């Protein structure tokens, strides 16, 4: 298959995966790539939406410098690396930051196509859990600012605030742990 046909197929598959009815991606999330015979590959550019992607939305990059950087434990300038990895003579857009993931899958995983999505169900679950954690941190910070800072130097603070609240938090944690173990 020629590079042009391979790119056309990548565009077709990307649009199919990005179809909103499938609920596999949120906005511009998710990426696609395909390895070519000359050890270069096409990968979706940063910010391009899968559902409406065009051939011009794919960066054409060389596999080897990206794979070498992904396997090297030293820090590197990713922008410079992506620029260096561009195929000579191409006017490719900047590739997705997840291009290194594609380089590993294509170079070490022996894949010829990589399609990874960010399903809305999974994204929602992860964001929900992060939101719950953020909410808990907000409550603790607010309590510290309202109660902790103004009263922490008072002689009664530890006895009347810190110890009872710490015991209450420990009791709630123990209750949740027991109910989760018992319900398995």
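None of the figures in this text is laboratory data; all of them are computed from the coordinates on show. In this text, all values refer to a predicted model and were calculated from it rather than measured experimentally. Here Cβ is always computed from backbone atoms with ideal geometry, including for glycine, and neighbour counts include all displayed protein chains.
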Least to most buried among 174, 24 (fewest other Cβ within 10 Å first): 174, 24
Structure-derived P(r) over Cα pairs in 5 Å bins from 0, in percent - corresponding label in (1) 1, 7, 12, 13, 12, 9, 7, 6, 7, 7, 7, 5, 3, 1, 0, 0; (2) 1, 8, 16, 20, 21, 19, 11, 4, 0; (3) 1, 7, 10, 11, 10, 8, 6, 5, 4, 3, 3, 3, 4, 4, 5, 4, 4, 3, 2, 1, 1, 0, 0: (1)
222 nm mean residue ellipticity, helices alone, for the chain (DSSP H n ≥ 4; -39,500 (n - 2.57); rounded to 500): -15000 deg cm²/dmol
Relative contact order %, the chain, counting alpha carbon pairs below 8 Å whose residues are six or more apart: 21
Bins of 5 Å, starting at 0 and running to the largest distance - Cα pair percent for region 37-112: 3, 17, 29, 25, 18, 7, 1, 0
